[in-house]
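Just below is one structure, and these are the notes that go with it.
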Amino acid sequence: MLFRQTLLYLPAQVLGPVFQFISIVAWTHFLNPTEMGLFALAAAMQELAYVATTVWFTLYTLRYHDPNGTEETRTRFLDTETAVLIAASIATALVSCLLPLFSNIEMTADLAVATIAYAITRGLVTHLADRARTEHDTFTYSVFQISWPMLGLFIGLALLAWLPPTATTVLWGYAIAQTLSLIVCWRRLSFGRHPMRASRDALNEAMHYGLPLVLGGILLWVANNGLRFVVEWQQSAAAVGLVTVGWGMGLRVAAFAAMLVTAAAFPVAMQRARDHGMAEGQAQLERNGILLFATLAPAAAGLFAISEPLVRLVVAADYQDVTIAVLPLAILAGAFRNLRIHFGEQVFLLHERPLIPLWNDLVDAIAGVAGCVIGLWLGGLPGAVAGAAAGAGIGLLVTLFYGWRTYDFTFPLLPGLRIALATALMLAAVMMLPSRPDVLHIALAMATGGIVYAVALVALYPELARKLMGLALKTRET
């Protein structure tokens, strides 16, 4: 079931993050470091706005929304959702204007309007994509996940042909793309028409489940974005622009690898727990963790191996030196954090104990920001990223330890060692190839790494290879 659902979600999980990665690189050729820093800080404020205003209901939707429920239950949910989204959009506009409170940035009228439009449409797209996922509507989910990063890039590039190369122009490109995706998917999703009939019981239930996780989301936002604000506070927006390229690339690659397999993973574990008991649901989480590690480890190791020639090839010259210095550390931070969120913490969500991830998020946020401040003082921008990575590693260790103590939840050791061995073989093969900043040598390195890793996995997991081949053949026949 997990493999089938993963394959259905694969196009969205691949294309969306790929275009996000491409966008980070593309903007280095149009925006100077100061404008890149402004764009990064505005995007960070959008993430904060979404976490503060909407994510509590999104988490409730993922956990409790039953698309097969009665008509009365479904109508109640949709009316409540509409009310929440209206209120959240208003609150998002207010939160988006708080950027000057978190930095030394002067918020012009043009930048404020673009940031608000970007934040509101992005929040709506994010929530509705997750609702489509709970309803097993892979088409709508895919449209939301693919359209905004892909169209946002193309529309942004088109706007830059007529408008000044500023963060405001880029933000409008994404806002327009997100609006178009909402229009396209409007008819495929049902919406509540009577927000004044929002259910108090549903709101109370959503708050009881989601608000502790909102606090965790804010702490996670601090862990992911604290680096940018610390750097801006200590140095400048231009320094944020310089460091954000490598930081963003590393986090995007880790998130991309994780989301290849996590879109369907937790819902499958929840279904197993409902149908066969909590022990089977927890066992499914452990299987999910193996699949997560099997995608995350080679992605992180592969990018590390080709990071310097890749950066020399695709990133603008002004950003190259800092990006090369921080990218391997950013990859490590992203890998640690995704393992914690998509594996370590999910056992607590399965057992409906959302306060425990909150404490883990607090550890990650404090350790990450403290590490960033100390690292920036001792080693400049690379030191700041190293400190943030160390904080993410501490957060992962604390989460895994508590999961083991509380529910005897552990990562299966033998499968993990097999995957680590396959990754090491892949890394050794890539490192033996010549490292040159051209398309041919980078493509050769990627192809070699992929082949070596696949062959190693087949040798180490022959039974899994047979199962995947049978699933692929069955999918092709249907």
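The values are calculated or read from the model by the stated rules, or taken from the named source; none is laboratory data. Everything numeric in this text was worked out from a predicted model, so none of it was measured. Cβ placement follows ideal geometry from the backbone for every residue including glycine, while neighbour counts extend to all protein chains displayed. Side chains included, ligands, DNA and RNA excluded: accessible areas come from the protein's heavy atoms. Shrake-Rupley method; radii C 1.70, N 1.55, O 1.52, S 1.80 Å.
If you check I86, I90 for being free of Cβ contacts under 8 Å to residues at least 12 places away in the same chain, more than 30 Å from I324 (Cα to Cα) and part of a helix (DSSP H, G or I), only one passes: I90.
Yes or no, residue by residue, for (1) under 16 Å from H65 (Cα atoms); (2) open to solvent by 40 Å² or more (accessible area, probe 1.4 Å); (3) of a type outside the set (S, T, Y):
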site	(1), (2), (3)
T121	no, no, no
A129	yes, no, yes
A132	yes, no, yes
H136	yes, yes, yes
S142	no, no, no
I146	no, no, yes
L157	no, yes, yes
A161	no, yes, yes
P165	no, yes, yes
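Would you confirm whether or not the range 428-441 contains a residue that is surrounded by fewer than 14 Cβ atoms within 10 Å (Cβ to Cβ) and either among the small types (G, A, S) or within 29 Å of E286 (Cβ to Cβ) (or both)? Within the range 428-441, one or more residues are surrounded by fewer than 14 Cβ atoms within 10 Å (Cβ to Cβ) and either among the small types (G, A, S) or within 29 Å of E286 (Cβ to Cβ) (or both).
Report yes if F144 is in a loop (DSSP other than H, G, I, E, B) and touching a residue at least 24 places away in the same chain (Cβ under 8 Å), otherwise no. For F144, the condition - in a loop (DSSP other than H, G, I, E, B) and touching a residue at least 24 places away in the same chain (Cβ under 8 Å) - is not met.
Checking each residue in the range 174-194 for being in a helix (DSSP H, G or I), open to solvent by 40 Å² or more (accessible area, probe 1.4 Å) and touching a residue at least 12 places away in the same chain (Cβ under 8 Å) picks out I176, T179, L180, V184.
When A388, A424 are checked against the criterion of being on the phi < 0 side of the Ramachandran plot and touching a Cys at 6+ places or on another chain (Cβ under 8 Å), A388 stands alone in meeting it. The set of residues in the range 391-423 that are free of Cβ contacts under 8 Å to residues at least 24 places away in the same chain and of a type outside the set (D, E) comprises L397, F401, W404, R405, L413, L414, L417.
I'd like the full set of residues that are at pLDDT 80 or above and open to solvent by 30 Å² or more (accessible area, probe 1.4 Å), limited to the range 268-294. Within the range 268-294, I290, L291, F293 meet the criteria.
Per the listing E106, E135, E72, the residue uniquely free of Cβ contacts under 8 Å to residues at least 24 places away in the same chain, of a type in the set (D, E, K, R) and in contact with a Pro (Cβ under 8 Å, 6 or more places away or on another chain) is E106. Of all residues in the range 27-75, those that are modelled with pLDDT of 80 or more and not in a helix (DSSP H, G or I) total 6. Might you let me know whether the range 233-251 holds any residue that is surrounded by fewer than 22 Cβ atoms within 10 Å (Cβ to Cβ), more than 30 Å from H29 (Cα to Cα) and not hydrophobic (A, V, I, L, M, F, W, C)? No, the range 233-251 contains no residue that is surrounded by fewer than 22 Cβ atoms within 10 Å (Cβ to Cβ), more than 30 Å from H29 (Cα to Cα) and not hydrophobic (A, V, I, L, M, F, W, C). Here T169 passes the criteria (1) open to solvent by less than 60 Å² (accessible area, probe 1.4 Å); (2) not in a helix (DSSP H, G or I) except the one numbered (2).
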